[in-house]
Amino acid sequence: YIHNDEVSLRSAEHLWGKDVRESNRLVREELDDTEVQLACIGPAGENQVVFASIQTSIYNAAGRGGGGALMGQKNLKAIAVRGTKGVGITNKEHYLKTLNHINDKKDAAPGVQPLSDYGTSIGVESTNTIGAFPVKNFQQGSIDGVEKLTGTYLVEAGYLKRKISCFSCPVACHRYVTVDNGPHKGTYTGGPEYETLSALGGGCLVTDTDAIIKANELCNILGMDTISTGNSIQWLMECNQRSVITSDDAGGLDLSWGNSDTVIELVRQIAYRDGIGDLLANGLLKAAEMTGKDSYKWAIQARGLEQSR
């Protein structure tokens, strides 16, 4: 716990096993301060899933590279921070001049307003049109029904409840979405970003918006990078397509392309290293090495990091 200049180490035994939302709630209750901010891990980090994320303020993730797994290896559940002091500026005049210059550039840039209105997923439809949207584990460059994966659809279909910005950012490209009907009613989460709609959506041949938002929510509260999670599931589905890994190998899961229920279940299994999720939790490079049968050929990774686009 870092409170201004004071640093203390506290037991997190009561937090171990808790998801990101519950951990945030419990720490703030313990410290009696709703303004405390956390960088914490979920069960995926505790179980050292190699692409586990460090979640900040519940909806934001340091997702790439497995920082959450490193925290889990060190038995570090969370870093709680509370600061009440100001931030000084040495040359205020120069700072404000530079800030105004940047803001003028921002206001004149044609892509800023669409990014603010529809988030990073504004790029899904155009990328799909030119055949550069990763689909079916990069076997295709476009997908039918892409409109349900776009930022425009999130707005027009009523999923978007409000825009969120990073601290002091005037663009506010982040999303806060909810699912209000159907089997995933009650789901709420930040995003989904372009990469999430790609990795957990088009990449798995899924266009069920509700299901993608649910999978995104699970990644956030269990603490996993959505890109690596989705790419690992895509690889598994292609392994099934090529008869390298069967449904029986996956505990009876239907691994066929487009099965959104399987995608959601695999997110959970990866985080807890349950069933076939234990294989995927090692990352694509290691999973392909363990599986063999030329499965490395469709493991889309570079130096062990799963690719997004």
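The values are calculated or read from the model by the stated rules, or taken from the named source; none is laboratory data. Bear in mind that the values here come from a model prediction, so they are computed numbers and not experimental data. Using ideal geometry, Cβ is built from the backbone for each residue, glycine included, and neighbour counts are taken over all protein chains shown. Surface areas here come from the heavy atoms of the whole protein model, side chains and all, with no ligands, DNA or RNA. Shrake-Rupley method; radii C 1.70, N 1.55, O 1.52, S 1.80 Å.
Counting only protein heavy atoms and using a 1.4 Å probe, what share of the accessible area of segment 61-139 belongs to carbon plus sulfur, as a whole percent?
Values: 2830 of 5110 Å².
Percent of accessible area from carbon and sulfur atoms in segment 61-139: 55.
If we sort 22-31, 117-126, 193-202, 264-273 on the protection proxy, mean other Cβ atoms within 10 Å, highest first, what's the order?
Descending packing order for the listed peptides: 193-202, 264-273, 117-126, 22-31.
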Compactness summary of segment 15-94: radius of gyration and Dmax from Cα atoms, Å, are 14.9, 49
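Before anything else, pin down the relative contact order of the chain: Cα pairs under 8 Å, at least 6 apart, normalised by residue count, whole percent.
Worked out over the chain, it gives 17 percent.
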Given the options Ala39, Ile89, Ser57, identify the residue whose Cα lies farthest towards the positive end of the charge dipole of segment 1-110 (+1 on Cβ of Lys, Arg; -1 on Cβ of Asp, Glu).
Ile89
What value, in deg cm²/dmol to 500, does the helix sum -39500 (n - 2.57) over DSSP H runs of n ≥ 4 give at 222 nm once divided by the residues of the chain?
-10500 deg cm²/dmol
Note, Lys293: beta-carbon cut-off 14 Å, +1 each Lys/Arg, -1 each Asp/Glu, net -2
Taking springs between alpha-carbon atoms closer than 10 angstrom, which of Asp104, Asp144, Asp261 fluctuates most in the Gaussian network model of the chain?
Asp104
Take the Cα coordinates of segment 106-223, assign each an equal point scatterer, and use the Debye formula without solvent to give log10 I(q)/I(0) at q = 0.12, 0.20 Å⁻¹.
-0.41, -1.08
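Place the peptides 43-54, 148-159, 4-15, 174-185 in order of packing, highest mean first, counting for every residue the other Cβ atoms within 10 Å and averaging per peptide.
Output ranking for 43-54, 148-159, 4-15, 174-185: 43-54, 148-159, 174-185, 4-15.
Full-extension gain between Ser57 and Ala157, please, as 0.36 nm times their residue separation minus the C-alpha to C-alpha distance.
33.4 nm
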Using alpha-carbon positions, what is the distance between the centroids of segment 80-98 and segment 294-309, in Å?
42
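Compute the relative contact order of segment 1-150 as a whole-number percentage, counting only Cα pairs closer than 8 Å that sit 6 or more residues apart in sequence. Intermediate values should be presented prior to the final figure.
On the way: 192 pairs, mean separation 25.6, N = 150.
Contact order relative to length: 17 percent.
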Checked segment 184-236 with the C-alpha gyration tensor, a ≥ b ≥ c its square-rooted eigenvalues, rounded below a/c of 1.5, otherwise prolate if a/b is larger than b/c and oblate if not; verdict oblate
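Rounded to whole Å and ordered largest first, report the semi-axes of the equivalent ellipsoid of the chain derived from its Cα gyration tensor (root of 5λ). Walk me through the numbers on the way to the answer.
Working: eigenvalues 216, 139, 62 Å².
They are 33, 26, 18 Å, listed from largest to smallest.
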Could you compute the FRET efficiency for Ser243 and Tyr272, with r as their C-beta to C-beta distance and R0 at 25 Å, rounded to 0.05?
0.40
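I need the calculated FRET efficiency for the pair Asp104 and Gln307, taking r as the beta carbon distance and R₀ as 35 Å, to the nearest 0.05.
On the way: r = 36 Å, r/R0 = 1.02.
About 0.45, to the nearest 0.05.
Per 0.36 nm of contour for each residue apart, how much would the distance between Lys85 and Gln140 grow if the chain were fully extended, relative to their Cα-Cα spacing?
Numbers: separation 55, 0.36 × 55 = 19.80 nm, distance 5.20 nm.
Taking 0.36 nm per residue and subtracting the Cα distance, the gain is 14.6 nm.
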Starting at 0 and stepping by 10 Å, how many percent of the alpha carbon pairs of segment 168-283 end up in each bin?
15, 47, 29, 8, 2, 0
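Once you have the Cα-Cα distance between Ser116 and Asp180, take 0.36 nm times their residue separation minus that, and quote the gain in nm to one decimal.
Values: separation 64, 0.36 × 64 = 23.04 nm, distance 2.31 nm.
Net length gain for the segment: 20.7 nm.
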Rounded to the nearest 20 debye, what is the charge dipole size of the chain about its Cα centre when +1 sits on each Lys and Arg Cβ and -1 on each Asp and Glu Cβ?
740
Rounded to whole Å and sorted largest first, list the principal axis extents of the Cα atoms in segment 49-167.
53, 46, 27
